[in-house]
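Peer 1: One structure, as structure tokens, below. Some questions next.
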Amino acid sequence: MRKLGIVVTAIACLMLAAQAFAATAPAAGAFKGQMDIGVFGGVAVPMGKLAAKSTETELGGNMKMGYGGGVFFDYFMTPEIALGLDGAYVTSTNKDDSNFKGNTMQYGIHGKYLIPTGGKFLPYLQVGAAMYNRKADYTSGGASVSASDTKPGINGGVGFGYEVNESVAIGLNGMYNYTIGKWEPTDDIKAAGGLKDWNYATFNAVVSFTLPKAK
């Protein structure tokens, strides 16, 4: 609950910052037909059982804050609405054993809504659906053991960008990733009850590049 409160507070701060910047923004043009590609990177915060310690009755990942990054593509169907593709990778290390890591590869689709400001500061809301490859790795003495599965999930969050010029924008975002179903890829892990959930939040710096429109 404490980590969830931190995530909610951080996302709220992003929204407030976006609104504050938007209030002083000058006029800007429409985005319809624009195509953007971008990269992002930052911190990943494990949530729920992925962050909890194991007990006598439940398995926990006991993962600490990690890091990650990814890429995306957006196409603006209207001046405010874009559809896009995204892919990301996040990793985290166990709090008690640095040889044990939890890694997630995510690839999916999303929709983005730019909150109209009439200026260079561009707050937005984003929701998406993705497939998540959830993997636990243990490496010791040159030997490596891993267990993984792939499940669907959803994600959503807020962010804002600033148009540095006609081709480049920079910004920040916060996203929550919810994967569907227990993580229990092997017989041994199933016997232990598996992880009841595998969820996390990310906070990223973003750089995007606008592709030239066809003449």
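What follows is calculated from the coordinates using simple rules that are stated; it is not laboratory data. It should be emphasised that the depicted structure is a prediction, and the values quoted were computed from it without experimental measurement. Backbone-built Cβ (ideal geometry, glycine too); neighbour counts: all protein chains shown.
Peer 1: If one takes the longest principal axis of the Cα atoms in the chain, at what angle in degrees, from 0 to 90 and to the nearest 10, does the Cα axis of helix 2-22 lie?
Peer 2: Approximately 10 degrees, to the nearest 10.
Peer 1: Also: Show that you can apply the helix-only estimate: for the chain, add -39,500 (n - 2.57) for every DSSP H stretch of four or more residues, divide by all residues, and state [θ] at 222 nm to the nearest 500.
Peer 2: So the calculated ellipticity at 222 nm is -4000 deg cm²/dmol.
Peer 1: What's the extension gain from residue 67 to residue 37 if we count 0.36 nm per residue and subtract their Cα-Cα distance? Write out the running numbers ahead of the final one.
Peer 2: Working: separation 30, 0.36 × 30 = 10.80 nm, distance 2.11 nm.
Residue separation times 0.36 nm, minus the Cα-Cα distance, leaves 8.7 nm.
Peer 1: Further, regarding this structure: Over all alpha-carbon pairs in the stretch 28-139, figure out the percentage whose distance exceeds 19 Å.
Peer 2: Here the long-distance tail beyond 19 Å is 56 percent of all Cα pairs in the stretch 28-139.
Peer 1: What is the spin-label model distance, in nm, from residue 98 to residue 143 if the labels are put 7 Å beyond Cα along the C-beta direction?
Peer 2: With each label placed 7 Å out from Cα toward Cβ, I get 2.2 nm.
Peer 1: In bins 5 Å wide, starting from 0, what share of all Cα pairs of the chain does each bin hold, as a percent?
Peer 2: Cα pair-distance distribution for the chain, in percent: 1, 7, 14, 19, 17, 13, 10, 8, 6, 4, 2, 1, 0, 0.
Peer 1: Can you tell me which of 151-159, 79-87 comes out highest on packing, and rank the rest after it, using the mean Cβ neighbours within 10 Å?
Peer 2: Values: 151-159: 18.8, 79-87: 17.2.
Highest to lowest by the protection proxy: 151-159, 79-87.
Peer 1: Taking only Cα atoms of the stretch 115-190, what ratio of Rg to Rh do you get with Rh as the Kirkwood inverse-distance radius?
Peer 2: Values: Rg = 19.2 Å, Rh = 15.8 Å.
For the stretch 115-190, the value is 1.22.
Peer 1: Right, here's the next one. For the stretch 100-183, what is the charge dipole size about the Cα centre, in debye to the nearest 20, if Lys and Arg each add +1 at the Cβ and Asp and Glu each add -1 at the Cβ?
Peer 2: Numbers: 7 positive and 4 negative charges, 57 e Å.
Roughly 280 debye for the stretch 100-183.
Peer 1: What does the charge count near residue 181 come to, summing +1 for each Lys or Arg and -1 for each Asp or Glu among other residues with Cβ under 11 Å from its Cβ? Don't skip to the answer; put the middle values down first.
Peer 2: Numbers: positive: 134, 151, 182, 196; negative: 149, 184, 197.
Neighbourhood net charge equals +1.
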